[in-house]
Amino acid sequence: MKQRISDLLTFLNAGVYEKETEIKMALLAALAGENVILLGPPGIAKSMVARRLATAFGGAHSFEYLMSRFSTPDEIFGPVSIARLKENDKYERAIDGYLPTADVVFLDEIWKAGPAIQNTLLTVINEKIFRNGDKEIKLPLKLLIAASNELPAQGEGLEALWDRFIIRVVSKNIESEGEFCRMITDKNNAQPKLNLYQIQPAEYSKWQSQIDSIEVPQKVLNAICLLRQNLHNVINEEGEKHDVYVSDRRWKKIVHILRTTAFMHGRKEVSLSDLLVCTNCFWQESEEIPFIRYLVLETILHDIEVDFKNLKNDVSAQLRHSMVKNALHRLWEYEFSPFPKRRDPLKALDYRIKLYDGFYCHIANHGIGKTYFYFADFISLSRNPSNPSKMLFYSDDEDPQKTLVRFYAEGDKEAKNDIMIRHVYRVRDLENFDVLYIDGVEYKVDLLAEGEKHKLPQVGDSLEI
């Protein structure tokens, strides 16, 4: 299924530039039987998106119309049938070729339609039913795409219609200069006439039942509930918190969108990654989009982050155990080496430096007394006062009061918070092998007490003074 949808999207995007998101969201809405609105200025191929989607379905009929304040229901739903009125005294519309008989509908400048059209559209969009005279007609409508260059005006009763558009996409002009140049020089941007990937009516009907059978696991439901809570505290550009309203009806339709997303990817249940589409379902104003995207990503990564942290801690503990063992083994080699003439006397003394947690040596009386060097970096410090080592001092993520020290690397300013760069060196003196200078100030490291030996810590041991 995933490959089938991918091939169809490739066909639909042929000759269209930077409209992949619009076409993908429109196809998602069509398979879910929902509706999408494109917000953006004129001339950015919004109508082309609708025309392409009409070609996605075998035997599909399309209808498109540019709304104005003078538009009448007759122009959208068909004129009143004079013959029926005369012969049967029935007020019915001749609907052939109009919205009630279309599979894909495109209504441009949707907010300019009058109340009579908008009220009828509410039933058409939500229930896919059109009342023609004394009959209710089940519409073949798969997708209604609306377009506008502005949000609905406040206080004009458009909230109900706006709420019916489950997927909302901000459409823009081409941003990439390369794509722009290809577009304006393209002499043949017409789509191929033969669509080998069209969705046939029987296939579409079968897919609907398969989408309904997609499971929504508890972890996804938990994430949805968390999102629902967080939408009460969306931060706007001014840093103020406000509530983003999502109706219960809308939530139910969003879950159906999630099922459809999972189906398009060939899965039998919704995954957390499917929640990404919610960014296009929640916002009421375009300024909210970045903050909602952040909330969605944060929610998706919440459980993953917890699992990863547990895995990381477990792997880190096992790795630390192995590395400590190797480090201590090297120190013991210095202490008990039968070939003292072959080793550096200064390095041989390093075995007397006390290790904490197997990795760190402690710098006495620096800061608040909780400064630790990575041992491997400490013994590699420059011993030249005129060319000291550049070291990075930063707060430990797990204990902000603890300062860790390691060699500075380019880019660390961007990678770490609360960092300081210091110049550090050791002296080449057998009697002062435990001394180091930080920005010219002398400090000492902790040494093992007489008779004290390095101990191999167990997995889970913590660094304590």
(1) β-branched (Val, Ile, Thr); (2) under 30 Å from residue 203 (Cα atoms); (3) open to solvent by 60 Å² or more (accessible area, probe 1.4 Å) all hold for residue 82 apart from (2)
Whether any residue in region 67-74 is surrounded by 15 or more Cβ atoms within 10 Å (Cβ to Cβ) and outside any helix (DSSP H, G or I) is what I want to check. yes
Residue set 276, 231, 221, 301; condition at negative phi and in contact with a Ser or Thr (Cβ under 9 Å, 6 or more places away or on another chain); output residue 276
Of 128, 135, 172, the only residue that is under 21 Å from residue 20 (Cβ atoms) and among the basic types (Lys, Arg) is 172
If we ask which residues in region 10-38 are assigned to a helix (DSSP H, G or I) and either surrounded by 17 or more Cβ atoms within 10 Å (Cβ to Cβ) or touching a Ser or Thr at 6+ places or on another chain (Cβ under 6 Å) (or both), their number turns out to be 14
Residue check for residue 141: of a type in the set (A, V, I, L, M), assigned to a loop (DSSP other than H, G, I, E, B), crowded, with 17+ Cβ neighbours inside 10 Å and at pLDDT 90 or above:
yes
Test: residue in region 383-398 that is within 19 Å of residue 352 (Cα to Cα), modelled with pLDDT under 90 and either surrounded by fewer than 18 Cβ atoms within 10 Å (Cβ to Cβ) or acidic (Asp, Glu) (or both): no
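The values are calculated or read from the model by the stated rules, or taken from the named source; none is laboratory data. From a predicted model like this one, the values you see are computed outputs, not experimental measurements. Here the Cβ is made from the backbone with ideal geometry for all residues, glycine too, and neighbour counts use every protein chain on show. With ligands, DNA and RNA removed, areas are computed over all heavy atoms of the protein, side chains included. Shrake-Rupley method; radii C 1.70, N 1.55, O 1.52, S 1.80 Å.
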